[in-house]
1. R0 = 41 Å: FRET efficiency of Glu22 with Ser77, Cβ-based, nearest 0.05?
2. If every alpha-carbon in the chain counts as one equal scatterer, what log10 I(q)/I(0) does Debye give at q = 0.10, 0.15, 0.16, 0.19 1/Å?
3. Which of Met11, Met90, Met140 ends up with the largest GNM mean-square fluctuation for the chain, with Cα atoms connected below 10 Å?
4. Within the chain, what whole-number % of the accessible surface is contributed by carbon and sulfur, with the 1.4 Å probe and all protein chains included in the calculation?
5. Treating only the Cβ of Lys, Arg, Asp and Glu as charged (+1, +1, -1, -1), what charge dipole size does region 1-139 show about its Cα centre? Round to the nearest 20 debye.
6. May I ask for the distance between the Cα centers of region 79-140 and region 16-45, given as a whole number of Å?
7. Under the classification rounded if a/c is under 1.5, otherwise prolate if a/b is larger than b/c and oblate if not, where does region 77-127 fall, given a ≥ b ≥ c as square roots of the Cα gyration tensor eigenvalues?
8. Before I look further, what does the chain give for accessible area per residue, probe 1.4 Å, in whole square angstrom?
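The values are calculated or read from the model by the stated rules, or taken from the named source; none is laboratory data. Since the structure is predicted, the reported quantities are computational estimates derived from the model, not experimental observations. Reconstructed Cβ throughout: ideal geometry from the backbone, glycine too, with neighbour counts over all protein chains shown. Note: accessible area is taken over every heavy atom of the protein model, side chains too, but ligands, DNA and RNA are not part of it. Shrake-Rupley method; radii C 1.70, N 1.55, O 1.52, S 1.80 Å.
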Amino acid sequence: AIKFPKLEEAMTLYIQYANNAEEISFPKLSAINNHFTLKNLSAIQTLSFPALKTVAGNFAMDNCAKVTAVEFPLFESIGRNCSINTMAAMTGIEFESLEIIGGNLEMKTLNALTSIKFPKLKSANKISVTSCNKVAEFQMNSLERVATDMELNKPVVESLSFDNLKKVGGTFKLQQLEQLQSLNTPLFEQAGSIYLYKLSLLTSAEFPKM
C-alpha cells in the first residue's frame, strides 16, 4: 500500500510501476498544483482521494489493470487535460462534483466500462470517448459548451440527452452508436459541423434551436 495520511497539498503526484502495491490512499489531499499521474500500476485495486478538489495541470490514469471504479466525490476542476485510458477492469467512472476541464477529456480502450457520469461538468476544450464498447449509461446533462470537438464512438447507449449543451466549436460526432434510439439536445444552437454515422436504430434526433 502507498499511503500519505496527512498530506494536504502537493505540487505533482506521479506514481508509475509500483507493481506490488494494492492500495493508494491520500485521505486529506485536496489540491495538486501541477500534474496528477497514475500509470502502469498492475496490482492497485483501491484508489482513495476523498478530499481532492483541484488539479491545476493534467489528470491522467492509464493501465491500472485491476481498478474497477474511481470515485473522487469532491473533485471540482482540472486545469488542463483529463485522460483515462486502458483500464481493463474499470466498470464505472463518476466524477460527481467536477465542473470544469480546462483542456481535453479523453477516455479510450476501457473494455469493461459500462457507465460514465459527469453530472456537473459544464465545459471542456474537447471531449473524446472511443473504444468503450460496453458503455450503456452516459451522463453529461450539465454540459454547456465544448470549445473544439466532441466525439462519442461505439458506446451502446440507447438514449442520449444533453439538456444544457449550446455550443460545440468544432465537430459534434456520434459514430457507430449501434443501439442509440433517441438523441435530445434542446438548447444546442451552434456547431462547426455535425457528423452522425452508423446510428442504425436511431428514431429520434431533435435539434430544435437549429
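1. Given R0 = 41 Å and the Cβ-Cβ separation, E is 0.90.
2. Ignoring solvent entirely, the Cα scatterers give -0.43, -0.92, -1.03, -1.36.
3. Ranking Met11, Met90, Met140 by mean-square fluctuation puts Met11 first.
4. 43 percent
5. It comes to approximately 180 debye.
6. Comparing the Cα centres of region 79-140 and region 16-45, I get a distance of 18 Å.
7. oblate
8. Per residue, the chain has an accessible area of 46 Å².
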